[in-house]
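Participant: After the structure tokens below, expect a handful of questions from me.
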Amino acid sequence: MHAGELKDTQHGGAISPLYASTSYAFNDIEISQYPRYFNTPNQRGLCEKIAALEGAESGLIFGSGMAAISTALLAHLQSGDHVIFQNDLYGGTRNFIKKEFPKYGIHYSFTQGLDVADFEAEIKPETKGIYIETPSNPTLKIIDLKAVGKVAKAASLWTMIDNTFASPVNQNPISLGIDIVIHSATKYLGGHSDICAGAVVGTEASIAKIFEVAKNLGGSLSDYTVWLLERSIKTLYVRVGAQNKNAQLLAQHLQKQDWIAHVYYPGLEDHPHHNLARQQMKGFGGMLSFDLNKGMDTKKFLLGLELVKPTMSLAGVESTALSPRLTSHSLLTEEERLSQGITSQMVRFSTGIEDIEDIKRDLAESANKIS
Ligand SMILES: *Cc1c(COP(=O)(O)O)cnc(C)c1O
């Protein structure tokens, strides 16, 4: 709630003032303050807040999740290096790797990663790091954070995680031995579907390394949005708490519906990694997926919803749903999608904070219309 707050020393107001200046007094001791140097008062305050949420020494705020991901990766890799990625990744991250890495001569492998031996098997002399995403999008697979951290340390590799799906409320990977934590702040940190931003947190040394590249790539966040994001994060625990609760109730309810073939949610006891999720997560999150029965038209189901919005993106206080095949994962080849278990029947559901009975009714009514 309060970490990183700025004091209104002029008027004694209750909230952080917004300093929109792009021009600050020259100071020859320290690098001067400038938005693209990620060091204006509001930017610094927000970095401190997000670092505190993840139990990290330091952090940087970016103009989008992809700016955070691309900058963190490019800062830690150079020509000839090799990096290991989990197979199930955010579509944009996968596209960045495939399109940009060859231009820089950076090599990479994808691996399922459900067993930590999958990562070990890919380690080569030129491997520098392991990059993971758990729970994964959209099939909610769980990777063992402690085990990955251990394998990486033994081989002197860095580890990065995209912790967007869990949010800092449900999972703090640094405490489990992961080095660098990334968020698309467009999702839970923002939480109201009105902010595009990203964040990276880690040790002072790793953030300093990322900063050196970040100031050249220029992906900083405007102070207006920084201020709005700080405001949003104040309610993060309340929002995500309500989303966790609704998602658990919804997953249990959907499992019993005869129009549903399968529900993917780490909070369900029959999820293949439920025990692991229980160990490393403090809550199971607001994201779940389900497969409609064969023969049901996924697009018609989504368009038949009245309360739940069939929109892109996720993590807002309103429930939204999409078909990964038609939207979030449309850039992948059909083969890549099937390797992740993404079918034409799959619906990815971002649980909001509405009354759970309203959400259940809306889904049931749409299913009824097309059955
Ligand atoms: C949305 C998202 C991103 C990308 O974030 P942007 O803010 O859209 O650039 C990265 N990872 C995950 C898991 C996401 O959901």
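Participant: Looking only at segment 224-256, which residues are touching a residue at least 60 places away in the same chain (Cβ under 8 Å), in contact with a Phe, Trp or Tyr (Cβ under 9 Å, 6 or more places away or on another chain) and farther than 19 Å from His183 by Cβ?
Facilitator: Answer for segment 224-256, where residues must be touching a residue at least 60 places away in the same chain (Cβ under 8 Å), in contact with a Phe, Trp or Tyr (Cβ under 9 Å, 6 or more places away or on another chain) and farther than 19 Å from His183 by Cβ: Leu250, Leu254.
Participant: A further question follows. When you look at Ile61, is it part of a strand (DSSP E or B), within 16 Å of the ligand (Cβ to nearest atom) and closer than 30 Å to Gly45 by Cβ, yes or no?
Facilitator: Numbers: part of a strand (DSSP E or B): yes; within 16 Å of the ligand (Cβ to nearest atom): yes; closer than 30 Å to Gly45 by Cβ: yes.
Taking the combined requirement at face value, the residue satisfies it.
Participant: Continuing with the same structure: How do the pairs read when you match residues in segment 178-196 that are acidic (Asp, Glu) with residues anywhere that are within 9 Å of the ligand (Cβ to nearest atom) and at pLDDT below 95, using Cβ under 6 Å and keeping only pairs 6 or more apart or on different chains?
Facilitator: none
Participant: For segment 276-327, give me each residue that is of a type outside the set (A, V, I, L, M), in contact (Cβ under 8 Å) with a residue 24 or more places away in the chain, within 16 Å of the ligand (Cβ to nearest atom) and closer than 11 Å to Val347 by Cα.
Facilitator: Ser289, Thr320, Ser323, Pro324
Participant: Hey, any hits in segment 294-301 for a residue that's under 23 Å from the mean Cα position of the chain (by Cα) and assigned to a loop (DSSP other than H, G, I, E, B)? Steps first, please.
Facilitator: Restricting attention to segment 294-301, the residues satisfying the condition of being under 23 Å from the mean Cα position of the chain (by Cα) are none.
Looking through segment 294-301, none of the residues is under 23 Å from the mean Cα position of the chain (by Cα) and assigned to a loop (DSSP other than H, G, I, E, B).
Participant: Which ones in segment 312-360 are in contact with a Lys or Arg (Cβ under 7 Å, 6 or more places away or on another chain) and basic (Lys, Arg)?
Facilitator: Those that are in contact with a Lys or Arg (Cβ under 7 Å, 6 or more places away or on another chain) and basic (Lys, Arg): Arg325, Arg337.
Participant: Turning to a different aspect of this structure: Which condition number does Leu53 fail, the rest of (1) away from the ligand (no atom under 16 Å from the Cβ); (2) crowded, with 17+ Cβ neighbours inside 10 Å; (3) in a loop (DSSP other than H, G, I, E, B) being met?
Facilitator: (3)
Participant: Just one of Val116, Val201, Val213 is in the same structural domain as Glu54 (by TED's automatic domain parsing) and under 15 Å from Ser64 (Cα atoms); which is it?
Facilitator: Going through Val116, Val201, Val213 in turn, the sole match is Val201.
Participant: Given the residues Val263, Val240, Val213, which is the only one that is within 18 Å of the chain's Cα centre (by Cα), outside any loop (DSSP other than H, G, I, E, B) and hydrophobic (A, V, I, L, M, F, W, C)? Give the derivation first.
Facilitator: Values: Val263 fails: within 18 Å of the chain's Cα centre (by Cα); Val213 fails: within 18 Å of the chain's Cα centre (by Cα).
Sole residue among the options that is within 18 Å of the chain's Cα centre (by Cα), outside any loop (DSSP other than H, G, I, E, B) and hydrophobic (A, V, I, L, M, F, W, C): Val240.
Participant: Follow-up question, since we're still on this one. Would you pick out the residues in segment 193-209 that are within 16 Å of the ligand (Cβ to nearest atom) and either touching a helix residue (DSSP H, G or I) at 6+ places or on another chain (Cβ under 6 Å) or of a type in the set (Phe, Trp, Tyr) (or both)?
Facilitator: Pass one, segment 193-209, residues within 16 Å of the ligand (Cβ to nearest atom): 193-201.
Result: Ile195, Ala197, Gly198, Ala199, Val200, Val201.
Participant: For segment 94-109, how many residues are within 16 Å of the ligand (Cβ to nearest atom) and either free of Cβ contacts under 8 Å to residues at least 40 places away in the same chain or in contact with a strand residue (DSSP E or B) (Cβ under 7 Å, 6 or more places away or on another chain) (or both)? It would help to see each step written out before you state the result.
Facilitator: The initial filter retains those residues of segment 94-109 that are within 16 Å of the ligand (Cβ to nearest atom), namely 94-100.
Next cut, either free of Cβ contacts under 8 Å to residues at least 40 places away in the same chain or in contact with a strand residue (DSSP E or B) (Cβ under 7 Å, 6 or more places away or on another chain) (or both) only: 96-100.
Final tally of qualifying residues: 5.
Participant: Does segment 24-47 include one or more residues that are within 30 Å of Pro272 (Cβ to Cβ), surrounded by 17 or more Cβ atoms within 10 Å (Cβ to Cβ) and over 17 Å from the mean Cα position of the chain (by Cα)?
Facilitator: Residues of segment 24-47 within 30 Å of Pro272 (Cβ to Cβ): none.
No, segment 24-47 contains no residue that is within 30 Å of Pro272 (Cβ to Cβ), surrounded by 17 or more Cβ atoms within 10 Å (Cβ to Cβ) and over 17 Å from the mean Cα position of the chain (by Cα).
Participant: Next question, about the same structure. What number goes with the only condition from (1) within 16 Å of the ligand (Cβ to nearest atom); (2) within 24 Å of Ser79 (Cβ to Cβ); (3) assigned to a loop (DSSP other than H, G, I, E, B); (4) not aromatic (Phe, Trp, Tyr) that Pro125 does not pass?
Facilitator: Among (1) within 16 Å of the ligand (Cβ to nearest atom); (2) within 24 Å of Ser79 (Cβ to Cβ); (3) assigned to a loop (DSSP other than H, G, I, E, B); (4) not aromatic (Phe, Trp, Tyr), Pro125 violates only (1).
Participant: Is it the case, given these coordinates, that Ser70 is in a loop (DSSP other than H, G, I, E, B), small (Gly, Ala, Ser), in contact (Cβ under 8 Å) with a residue 12 or more places away in the chain and under 29 Å from Gly177 (Cα atoms)?
Facilitator: Details: in a loop (DSSP other than H, G, I, E, B): no; small (Gly, Ala, Ser): yes; in contact (Cβ under 8 Å) with a residue 12 or more places away in the chain: yes; under 29 Å from Gly177 (Cα atoms): yes.
Judged against the criteria, Ser70 is not a match.
Participant: Further, regarding this structure: Tally the residues that are at negative phi and outside any helix (DSSP H, G or I), restricting the search to segment 131-171.
Facilitator: We begin by selecting, within segment 131-171, every residue at negative phi; these are 131-139, 141-155, 157-166, 168-171.
So of that shortlist, the ones also outside any helix (DSSP H, G or I) come out as 131-139, 141-144, 155, 157-166, 171.
Number satisfying all stated conditions: 25.
Participant: Considering every residue within segment 183-192, establish whether at least one is part of a helix (DSSP H, G or I) and among the hydroxyl-bearing types (Ser, Thr, Tyr). Don't jump to the end; show me each part of the working.
Facilitator: Initially, segment 183-192 is screened for residues part of a helix (DSSP H, G or I), giving none.
No, segment 183-192 contains no residue that is part of a helix (DSSP H, G or I) and among the hydroxyl-bearing types (Ser, Thr, Tyr).
Participant: Any idea which of (1) more than 16 Å from the ligand (Cβ to nearest atom); (2) of a type in the set (A, V, I, L, M); (3) under 12 Å from the mean Cα position of the chain (by Cα) is the one Ala185 doesn't satisfy?
Facilitator: Going through the list (1) more than 16 Å from the ligand (Cβ to nearest atom); (2) of a type in the set (A, V, I, L, M); (3) under 12 Å from the mean Cα position of the chain (by Cα), Ala185 breaks only (1).
Participant: Please determine whether any residue of segment 358-366 is of a type outside the set (Gly, Ala, Ser), part of a loop (DSSP other than H, G, I, E, B), in contact with a Gly (Cβ under 9 Å, 6 or more places away or on another chain) and not assigned by TED's automatic domain parsing to the domain that holds Lys141.
Facilitator: no
Participant: Quick one: which residue in Gly295, Gly241, Gly285 is surrounded by fewer than 17 Cβ atoms within 10 Å (Cβ to Cβ), on the phi > 0 side of the Ramachandran plot and not aromatic (Phe, Trp, Tyr)? Break it down into steps so the answer makes sense when it comes.
Facilitator: Values: Gly241 fails: on the phi > 0 side of the Ramachandran plot; Gly285 fails: surrounded by fewer than 17 Cβ atoms within 10 Å (Cβ to Cβ).
Matching residue, one of Gly295, Gly241, Gly285: Gly295.
Participant: Need pairs with beta-carbon distance below 7 Å; first residue over 20 Å from Tyr34 (Cα atoms) and within segment 1-21, second outside any loop (DSSP other than H, G, I, E, B) and of a type in the set (D, E, K, R); sequence gap 6+ or separate chains.
Facilitator: Ala3/Glu48; Ala3/Lys49
The values are calculated or read from the model by the stated rules, or taken from the named source; none is laboratory data. If you're wondering where the values come from, they're calculated on a predicted model, not measured in any experiment. Cβ coordinates were reconstructed from backbone atoms using ideal geometry, including for glycine residues, and neighbour counts include every protein chain displayed.
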